[in-house]
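Report on the structure given below.
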Amino acid sequence: MPKLGLAVAGALVLAGGAYAQSPSADDIINSLRATPSQLKGPTRGIRPATVMPDASSDPAPVSGVSPGVSHVTSRRVVESTPVTAADSADGPSVKLVVDFRSGSAELTPTAEHTLDALGKALTSPALGHDRFRIEGHTDTVGNPEANKELSAHRAEAVSTYLEQKFGVDAARLEAVGLGSESLLVPTPDQTPEPRNRRVKIVNLGS
């Protein structure tokens, strides 16, 4: 059975889709609270855009996708400045496994259960004024560029769910599709690894 544990930078990792293992809203709040340095002024690394997560055994290559990070803005994929590993660590973060149907950006009931806890956390008094980056990550199965584009659309799906169900202001959410570029568990190409198929939420400050 998958276990909920601590990863780098104190981020929570959900290694499976079982409801019982999903972090609570309080768990997420405790992991995403802004640091004193964030509260003092603007945070770096904020980019206008939106995108997201995983993609094992996902679709065939998609034409017209430029190198770098895929972003979705107004449901449109555009090229943007890559998010680096340093950027990814510039604030408190939590990693969640968000379950999608294979090759699709459609949320499953398990995914919605996980995102309900996230939505409650992001609308809590503790986090209600902060901005967040939604990072989509995949494993190494499939075409890297196709995975990146799919991860972008999945990140957008997460953002849209939070906006529609919990009323989270779109201006507070930046979704980023990283595909298989930042693996949690290093693996060779074409290796299915559930822990790499995840969504990371990073607090960008208020």
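If you filter segment 92-122 down to residues that are β-branched (Val, Ile, Thr) and not in a strand (DSSP E or B), you find that the one that is surrounded by the fewest Cβ atoms within 10 Å (Cβ to Cβ) is Thr108.
The set of residues from segment 161-196 being of a type in the set (Ser, Thr, Tyr) and touching a Leu at 6+ places or on another chain (Cβ under 9 Å) comprises just one member, Tyr161.
Within the option set Gly128, Gly205, Gly167, Gly136, being of a type in the set (Gly, Ala, Ser) and under 13 Å from the mean Cα position of the chain (by Cα) holds for one residue only, Gly136. Can you tell me which residues in segment 135-175 are assigned to a helix (DSSP H, G or I), β-branched (Val, Ile, Thr) and buried (at least 21 other Cβ atoms within 10 Å of the Cβ)? Selection gives Val158 alone. Of all residues in segment 180-202, those that are at pLDDT 95 or above, over 9 Å from the mean Cα position of the chain (by Cα) and either crowded, with 24+ Cβ neighbours inside 10 Å or hydroxyl-bearing (Ser, Thr, Tyr) (or both) total 1.
A single entry from Asp87, Asp139, Asp130 fulfils the requirement of being among the acidic types (Asp, Glu) and modelled with pLDDT of 95 or more: Asp130.
Taking each residue of segment 184-206 that is in a helix (DSSP H, G or I) and looking for partners that are of a type in the set (A, V, I, L, M, F, W, C) with beta-carbon atoms closer than 6 Å, six or more apart or interchain, yields Arg195/Ala15; Arg195/Leu184; Arg195/Val185; Asn196/Leu183; Asn196/Leu184; Asn196/Val185.
Summed over segment 160-197, the residues that are of a type outside the set (A, V, I, L, M, F, W, C) and under 17 Å from Gly91 (Cβ atoms) give a count of 3. Read through the list (1) of a type outside the set (Phe, Trp, Tyr); (2) modelled with pLDDT of 85 or more; (3) outside any helix (DSSP H, G or I), then give the number of the only condition that Pro82 fails. Among (1) of a type outside the set (Phe, Trp, Tyr); (2) modelled with pLDDT of 85 or more; (3) outside any helix (DSSP H, G or I), Pro82 violates only (2).
The values are calculated or read from the model by the stated rules, or taken from the named source; none is laboratory data. This structure is a prediction, so every number in the text was calculated from the model and none was measured. In this analysis, Cβ positions are derived from the backbone assuming ideal geometry, glycine residues included, and neighbour counts consider all displayed protein chains.
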